Each structure stands twice: as C-alpha cells, then as structure tokens.
Amino acid sequence: MDKRDKKRTEKEKLMEELIYKGQRPVMKPDEAVELSFDTKEKVDNIADQMKNSHNALDSLKEILEKQQKDLEAMSMINGVSAETFDMDMGRLQKELEQDYGIPEKEAEEKPQVTVKPEDSGKVFEEIRNELGNRIVIDADTLRQLLVAYRRPFVMGEDKGHAKNVMIVAGPKGSGRHEAVAAVTRSLYERQIFLSDEVYTIDMSLYQSNAQEQVFLQDLYEALCGKGSVIIFENFEVGFPSFLRMLDALVCDGKAILSKRYVLNKGILVENQTGLVKDAVDSLSAEGKYLVFMTPKGSSAAQDAFGADFLYHVLDTVTFKSLDSERLNRVVDRQSENLKKRSADNLKLDLEIDDSLKEWIKTHYDKTNGTNSIAQLFNDFYISLSHQVLEKDLPDNAHAFICSENDLPVAKIGVETVMLNRSKTSSEEIEAVNKELNEIIGLDMVKNYIKSLQSHIEMQKLRREQGLKTSEVSKHMIFTGNPGTGKTTIARLISRYMKAIGALSRGQLVEVTRADLVAQYVGQTAPLTMNVIKSALGGVLFIDEAYSLYRGKDDAFGLECIDTIVKAMEDHRDDLIIILAGYKKEMAVFLESNSGLKSRFPNIIDFPDYTGEELRKIAVLQAKSKGYKINDDVLPKLEAYFSEVQMINAAEAGNGRLSRNVVEDAILAQSERLVKNPGDPMDELRMEDFDFTIKVKPAADTLF
C-alpha cells in the first residue's frame, strides 16, 4: 500500500468514527486493525454530512484526541515515533479541512471599543481636526458627514435596522469617496469599527433578472463582511427588482429573498431541495451604514425609490465643486506627492515651478474635479518614468517641470520633453483623414465624421472653463445595399473617435442577431450585455440590425432591443452604436421600440456606387495587389459596371463586384502568362476581363 492509499484509508477511518461515534469496539494491543465500508454511497453520505455540519472540525478534533493514545501505541509497535505521528496527523487534519471545506479558525479580533453618547462628541471632534489636515474638504461638508456617522452613537441603534442611511450628493471629483473612506479609517484606527473597508456596489452592473444571483452574492458579502460602510452607486439606472431589495433594506431593515439559498464555502447557492438547516432567505442591514451616492441629490433617490425611502434617510451630505482655496490645496498636495514618488521610485530630484501649477488650475477638467487633477499628475509621473528608462539617468538627476508655451514640460539637463499625455493623437487623426480621402465617393459621410472633431474639441474647451457642455448623440444608422462601405466607415469612425478623444479605447465590435439573441428564456439580456461590455470605449456595429425585430411576438428580439436602448443611456459617454441594414427594413425596425428613433438621430444613407466610382475602386484594388489595369480597359470596365448597377446593384454587391472582377482578371492573367511567359507580370489586359452580365433584375422590377 503506497502513502496515498494509506492516507485515504486513514481519512475513511476518521469519517467512520465521526458518524458512528461511540459504536467502535475497544481494540486490544495485539488485535489487527481493519477499516472497511459496505458501499461507496456510505462514504459519500459521510462526506456530505461533514460538509453540512457546523461542528465537523470540533468533532474531528475530539476523535483525534480520543484515539491518539491508542494510535500512538500502535505506531510505536510498528516503529513509528510519536513525533513523526504528530506531524502526519497534523497534515491529515489540514487535508480534511481542505477536502471538506471546513474553514480554519480566524485570528482573534481586537476588542471593539464602545463609545458612550456623552463621549462621542469628543471622539468625532478629534476626527474632524485630524481630517481637516488630511483631506481636501470644506468645513461644512465635513461637519455634515461626521454628523451622519455620529448619529447612531447619540440616538442609539434600532435593532434589526441599519445604523444610519445617508445620501452623499455632489459632482464627480468633489472628493466624496475619499472623505467617506477617510472617516471610516479614522473610526477603525480608534477600534470603533472592526474594519476600515468600504464596500462599493455599482448598481449599473446588474441589468437583468439573470444577474440576480451575482447581485445577491455581492450584496450578501457586503452585508455580512466586517466593514461597516456600504456605498451604492448609480442606483439611478439600477434594475427595478434589485432597487426594491435596497428599498426594503432601508425601510424594513431586511430584504426577503424570492428564493431560498444555502451557503457553500461562503458563496450563496440556490437551494434546489426542500427545507435545509441554516438556509438564507433574507438579508439584513443591521449594523451597517448605507450610503447612497449620487450627483443629483435627494431628487434622484425620490425618483428611484419613493417617499418612504426618503423618510428613512436622516442625513444628506452635499459635496461642492472645487473652489479656489480647495483647488490650491489639491494642487499643492498632488505636487508634494509627485515629488515624493519621483524621489522614491525614479530617483529624480524634482522641482515644480508655480507656472505648472497655474497651468493645471486652468486646464483640468472641471466636470471631474479632483479626479482630473490626479490624472494629470499621474500623466506627469508616467512621462518622467519614460525619461528615466530611455535616457538611463543617474540617481538624483535634477528635473525642473514647468509650463512653457501653454504646455507642461520637463527640463532634464539640456533636454526639454513634453509631459502632457493627451488622449488625442495627431498622427492617428492624420492617418484616418488620409484613408477617408482615399475612399471613393461617400462625401456626405466623410463630411459628417470630420464635423464631429470640431464639436468635440469645442466641448473640451468649455469643460476646461467650467462651462456647461452640450453633447450630441453620436449613435448612427447606416442604410444601404451590401458592399457600399458601411463596415469600412464604421472601422474608421472607431479609430477616429479614439484619436480625437471621444472614445477611450476605439475598438470595433461587429455582431449580428446570432451574437445578441439567445434561444432560451432569461439568456438574451445577459448575452447582449456581455457584448455591450466588450464594446465599451469603442463602437458596437450591428449588421442587419433589422433582424433583431421579427414582429411583436419575438420576445427575445424585443428583450435584446430593450437592453441595447438602456445601455445606450447608461454608457452614452463612452459607447457608440451603429446599426446597419437595408433602408426599407431599417425604417420598420425603428418602429419596434419607441426609444430607438430619438436615440439614433444620425441616419446616413450609403448610395450604390456609380460605374465611374467602381472603375476607380477597381484601379485602387488592382494597385494594392501589385497590378495595373491598362488604360484601354477602363472605358469598357466603367460601362460594364454601370450596366450591372442599373440592373441590380444590391445583388451585384457594389464594392464587392469591383473586387470580384479584379480577382477574376488576376486569375485569367495567370493562365495567359503560362502560355506567354514573356508578357509583363503586373499588367491586366482586356483579354483578362470577363464582361458577362451575371446578375438578374430585382424581383420588384419584374412584371
């Protein structure tokens, strides 16, 4: 018997002792030991009982201790030392814990400090003085936040309910998350909280009933974790049934679950059987601070949850945009942090000129506040790291950073380098414009794309000056027959939008109905959302989009369309959706959902190519493959294309027709060259082309 078989036998023996505890006969010293089981099912049943028993580990330990003396004696008889036996038994115990999911005992926690109501004022005054220097926040907002945290210490806690429910309002970049985290950390440092962790649940991530278990698992972990604070973000766009759970947590203190769950290694799993011990059928908010974060204030909570919810909200903390005094503090603090990071990691002696600080105050994105300032300094740090890596600078090299010609620069030795890592790329814009100019026809499409650059640049300048921006919808509908360049233009748009800073990633995700619509109930919304998530930061191109709607009885298609419409609203700043298809069919499709028409104001028609345009396309395609078409072929080629397009452009394929004609000519030329090896290899002659009309008139033109 090898070691693995021996350990397996020992485990089986221990499991038998656990289940049939007290029934084992006493062994005599000279009696042989034999472990056996009647059936494999008995072993499986024993393992299941161990998994479901909260006292399994204690029972195992009790058995181990009870049998240890007898087993030690047996081991000594077999020549095994007690020390070796202890080590083997320790390993065996750990293996049992791993095999059957029995958690190890956690380290003892530090005792939690209880704050009396009369002492809470002093504690929170200390925190106020401490945080006044640690974080950038105006005094009144900090006072409001500390009042919200202190409230349960003064009023007492309502058993079975949250400690407090608060709304934290204010624009992005106003320091909301930082302030909540700082107060939580201060209370943890004083051992008033068991943890400094702040859980954040983004409600925009859960957009269908199919994600219920994922949402419940995230919510369960937050409610049952050691952290005392849970932040709920983007509840304005949350899924209704999940919002009702949050409403119940606030108003009733607990949310009743529609299904019964059990815990499997700390994970909620739906129970498929009857009543079980320790089932989870509700979630409780007791002992937690529930923080609902929004840029809109109480009105957003009223719209999402209703009046009863607001009745239970006792504190609304409103953060303000950066004023001059706070702006100076943020810039100074970020400057000191940049100097420290540069010294510690890059070994640079960094000097920051006041001109750079003034440049930051002028150019940071006012709509993103402190986040934008932090991003600028992080860009500076990355640019400096490039110089250290590329130039192999010595330790403690001096770097002077300042603003020069209204641009941030670093002067290291005799060199001056740019620090600004712009999201725009002049090289990429130039490359895309060149490709656009080389595309035959489509002048209206090209002019529309170029007009977007001016608009986006103007909105950027308005944000820098703190003015309101007026975003236009960039979602589009491309109508036209196959081969008119819709996919090519969509790909160029994705690159162009990335280059001018309108999109963060610039990828093109091309899909059809088969990629979005599932075959079973409850699967379409998650499938569609997964595709949308893969396209965030870029362009989602849905070809033959009209196929998503096959009539009012197409429940799956309608579910897909509803999901797309909602995603367009939730991610309007970093997602462009382009729908493509035949003009007539797309007009019917737009009637399938009342929100589609208004969300796709840019309908761009791709006309069929003329014979002249297809002739030019053929010349370019031949050139790209290393061939040239003889001049005497071109008039005949143009006339052929014009005739085919007049008969049935949709079936002919437009640009695909031109490509097919050129490729057929190249094949014919190869046969000709075999017979006439002296002919030029890059020349396409008249005899290489087949001008046979192969398309038939469209059905609606026949009588």
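Laboratory data are not the source of any read-out in this text; all were calculated from the coordinates shown. Everything quoted here is computed from the prediction, not taken from an experiment. Note that we place each Cβ from the backbone using ideal geometry, even for glycine, and neighbour counts take in every protein chain shown.
For region 478-606, a simple Cβ point-charge model (Lys and Arg +1, Asp and Glu -1, everything else neutral) yields a dipole of about 360 debye relative to the Cα centre. Net charge dipole, region 324-401: roughly 320 debye, given to the nearest 20, about the Cα centre with Cβ charges of +1 for Lys and Arg and -1 for Asp and Glu.
With the convex hull drawn over the C-alpha atoms of region 117-318, the volume per residue is 125 Å³.
Give me 446, 288 ranked fewest to most by other Cβ atoms within 10 Å of their Cβ, as a rough exposure proxy.
On the way: 446 16, 288 22.
Ranking 446, 288 by Cβ neighbours within 10 Å, fewest first, gives 446, 288.
The relative contact order of region 324-401 comes to 44 percent, based on Cα pairs under 8 Å that sit 6 or more residues apart. Under the criterion of Cα pairs below 8 Å and six or more residues apart, the relative contact order for region 611-701 equals 38 percent.
Translational diffusion of region 426-606 was estimated from the Stokes-Einstein equation, with Rh taken as the Kirkwood radius over Cα pairs; at 4 °C and 1.567 mPa s the coefficient is 76 µm²/s. Highest-first packing order for the peptide set 665-673, 679-687, 480-488 is 480-488, 665-673, 679-687, based on the mean count of other beta carbon atoms within 10 Å. Put simply, the amide H of residue 318, placed in the peptide plane, has neighbours under 5 Å in 169, leaving out anything fewer than 5 places away on its chain. Taking amide H as placed 1.01 Å from N in the peptide plane, the amide H of residue 349 sits under 5 Å from that of 396, 397, 398, 399, each at least 5 places away or on another chain. Summary value for region 426-606: 29 percent relative contact order, contacts being C-alpha pairs under 8 angstrom separated by 6+ residues. Using Cβ point charges alone (K and R +1, D and E -1), the dipole size of region 611-701 about the Cα centre works out to roughly 200 debye.
Restricting everything to alpha-carbon atoms, can you work out Rg to Rh for region 324-401 with a Kirkwood hydrodynamic radius? Please report the intermediate quantities before stating the final value.
Numbers: Rg = 12.9 Å, Rh = 13.0 Å.
Over the Cα atoms of region 324-401, Rg/Rh equals 0.99.
By the count of neighbouring beta-carbon atoms within 10 Å, fewest first, 386, 455 end up ordered 386, 455. What is the distance in Å between the Cα centres of region 634-685 and region 298-324? Here the answer is 68 Å between Cα centres. Name the shape class, rounded, prolate or oblate, that the alpha-carbon gyration tensor gives for region 251-383, where a ≥ b ≥ c are the square roots of its eigenvalues, rounded holds for a/c under 1.5, and otherwise prolate holds if a/b is larger than b/c and oblate otherwise. In terms of gyration-tensor shape, oblate. Note on 251, 560, 224, 402: ascending count of other Cβ atoms within 10 Å places them as 224, 251, 402, 560, the fewest first.
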